[in-house]
Amino acid sequence: SRAEITYFGAGPALLPSDVLETAAQALVNYKDTGLGIAEHSHRSELAATIINEAKADLATYLDIPTADYETIFMQAGGTGEFSASVYNLVGAWVAREHAAVVAELGGADAADEAAVLAALRKRVETGLKLDYIVTGGWSLKAYQEAVRLLGPEYVNLAADARVANGGKFGTIPDQSTWKLSPDAALVYYCDNETVDGVEFPEFPAVLAPKADGTGPIVVADMSSNILSRRIPVSNYSLLFFGAQKNLGSTGVTVAVIRKSLLAPATVQPSPALMRKLGLPIPPIVLQYEIIAKNNSLYNTLSIFDVYIAGLVLKRLLQIFPNKVDGQEAVSKKKADLIYTALESNPAEYKIVPDKSVRSRMNICFRVTKNGAVDESEKAFLKEATAQGLTGLKGHRSVGGIRASNYNSISLEGAEKLAKFIEEFAKA
Ligand code: PMP
């Protein structure tokens, strides 16, 4: 039964049972309307209320400065955001450069169209760069998508963790070695690498805004650690996350965007201009401005998925009066329990990533007991499953064991796993 199992899957992940029970009821008959939540129109007042409350609760929980940031719900997953971030921020970069060129050539009335285009082309050729910090499988995929959409000439692999680590992920290259471009259209990193168990210990200082408020355009993928620790929202131009780990069910993706990137000053350039420059424009469902302008309802949004996310947020706010700080303390405690159990049995287990960048959310290790890794891991998984500890198999690309310690894993669940790790080592 559900009560006997602690599921450590990497995503979709465990959801709180009380949330699921409320959602199950709402799926059949929402607030006694006689219709289920997935049947009501996305244009109804009740749908708008669900969206607005989820946005407000997210802002409260994470302390998002709502005067400067817009939150939107989208549907293309974390993968869709790999593309959306490229399209939208290249557009914003071109819009800024376009405005600068027009001003240089005497303003909108005086500037000759052909001269503007020629000057802009030159700026694109010499100055358009997107920087990627690659620290694991997911940032690698984002980097590859940027190369696919734009061509390699515009994409800068500013750091690759594999280079100084024997071709494998598991570290974060020292920030002094990052080869950042001047005025990059974006600097991208993944805050928590779900497959490789690598998490940034804190916001990378080299990307912090300067005293005058200017700084790089930072984009972060927070799919697998959002809601688990405090983040300096104002340091980001864009952060995004799929819901299916810490927020809710698969099917909705959240983007938190600095409003100045949606404002008229950086309005996306016309498709005609982008075509002349040989640059892509976003499919309309990936264009942040459009989605934001329509309060996430440009097209049919899965209100059911937003509803589940909203229930999770309300529950978190109820449990933790000090909001994300409360969850952060619990997340750390759970991760410490599991890592301590692994560390105290060094002959039986090998933790994959370097200690300085270990993820609190995805705990990746090998079972080295008896030397035969494959056999030991099979035995570990089999016995864990028999005790109700499931979903522990590592990602198919790297193997090993991965315990995903998301918010819905209770302290008792983490204790149970830590105890099992100790017992399996001794047995
Ligand atoms: N980024 C990270 C950090 C992820 O863990 C995942 C999925 N596990 C993705 C992006 C891709 O998300 P999706 O499957 O929703 O496209």
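If you find the alpha carbon centre of the stretch 275-292 and of the stretch 309-324, how far apart are they in angstrom?
34 Å
Could you give the DSSP H helices of the chain that reach 15 angstrom or more along their long axis (alpha carbon positions) and whose average Kyte-Doolittle hydropathy is no lower than 1.0?
Working: long enough: 17-28 (17 Å, 0.78); 45-62 (26 Å, 0.49); 77-104 (40 Å, 0.38); 113-127 (20 Å, 0.15); 137-150 (20 Å, 0.03); 303-319 (24 Å, 1.45); 324-343 (27 Å, -0.33); 373-386 (20 Å, -0.51); 411-426 (23 Å, -0.19).
Membrane-span-like by this criterion, though nothing is claimed about a membrane: 303-319.
Taking the Cβ of Gly77 as the center, what net charge do the other residues with Cβ under 15 Å away carry, scoring Lys and Arg +1 and Asp and Glu -1?
Working: positive: Lys141, Lys245; negative: Glu81, Glu145, Asp221, Asp305.
So the environment of Gly77 carries a net charge of -2.
Between Ser223, Gly213, Phe200, whose Cα lies farthest towards the positive end of the dipole of the stretch 179-226 when Lys and Arg beta carbons carry +1 and Asp and Glu beta carbons carry -1, centred on the Cα centre?
Among Ser223, Gly213, Phe200, the one farthest towards the positive end of the dipole of the stretch 179-226 is Gly213.
If the elastic network links every pair of Cα atoms under 10 Å, which of Asp183, Asp109, Asp57 fluctuates the most in the Gaussian network model of the chain?
Between Asp183, Asp109, Asp57, it is Asp109 that shows the largest mean-square fluctuation.
Among 243-253, 68-78, 219-229, 398-408, how do they line up by average Cβ neighbours within 10 Å per residue, starting with the highest? Spell out each step's value before the answer.
On the way: 243-253: 24.2, 68-78: 19.6, 219-229: 26.1, 398-408: 22.5.
The densest-packed peptide leads the list: 219-229, 243-253, 398-408, 68-78.
DSSP loop (so not H, G, I, E, B), at most 15 other Cβ within 10 Å: list which trypsin sites (Lys or Arg not before Pro) in the stretch 124-186 pass both filters.
Numbers: sites: Lys129, Lys141, Arg148, Arg162, Lys168, Lys179; in loops: Lys129, Arg162, Lys168, Lys179.
Sites meeting the loop and neighbour criteria: Lys168, Lys179.
Can you put Ser344, Ser83, Ser1 in order, fewest other beta carbons within 10 Å first?
On the way: Ser344 13, Ser83 19, Ser1 5.
Going from sparsest to densest Cβ surroundings: Ser1, Ser344, Ser83.
To the nearest 20 Debye, how big is the dipole of the chain about its Cα centre, given +1 on the beta carbon of each Lys and Arg and -1 on that of each Asp and Glu? Walk me through the numbers before you get to the answer.
Numbers: 43 positive and 47 negative charges, 123 e Å.
Here the size comes out at about 600 debye.
Counting alpha carbon pairs within less than 8 Å and at least 6 residues apart, what relative contact order, in whole percent, applies to the chain? Before the final figure, lay out the partial values.
Working: 739 pairs, mean separation 101.2, N = 427.
Reported as a whole number, the value is 24 percent.
With just the Cα atoms defining each centre, how far is the stretch 75-90 from the stretch 381-427? Give it in Å.
Here the answer is 33 Å between Cα centres.
For His395 and Arg162, FRET efficiency with R0 = 22 Å and r from the beta-carbon atoms, rounded to 0.05?
On the way: r = 16 Å, r/R0 = 0.73.
That pair, Arg162 with His395, gives E of 0.85.
Charges at C-beta only: +1 for Lys and Arg, -1 for Asp and Glu. How large is the resulting dipole of the stretch 238-311 about its Cα centre, in Debye rounded to 20?
Details: 6 positive and 2 negative charges, 51 e Å.
Once rounded to the nearest 20, the dipole reads 240 debye.
Sort largest first and round to whole Å: the equivalent ellipsoid semi-axes of the stretch 49-306, each the square root of five times a Cα gyration tensor eigenvalue. Can you show the working numbers first?
Numbers: eigenvalues 166, 114, 55 Å².
Equivalent-ellipsoid dimensions as semi-axes: 29, 24, 17 Å.
What share of the DSSP beta bridges in the stretch 49-306 is antiparallel, in percent to the nearest 5?
Numbers: 13 of 28 bridges.
The antiparallel proportion sits near 45 percent.
No value in this document is a laboratory result; all are computed from the given coordinates. If you're wondering where the values come from, they're calculated on a predicted model, not measured in any experiment. Reconstructed Cβ throughout: ideal geometry from the backbone, glycine too, with neighbour counts over all protein chains shown.
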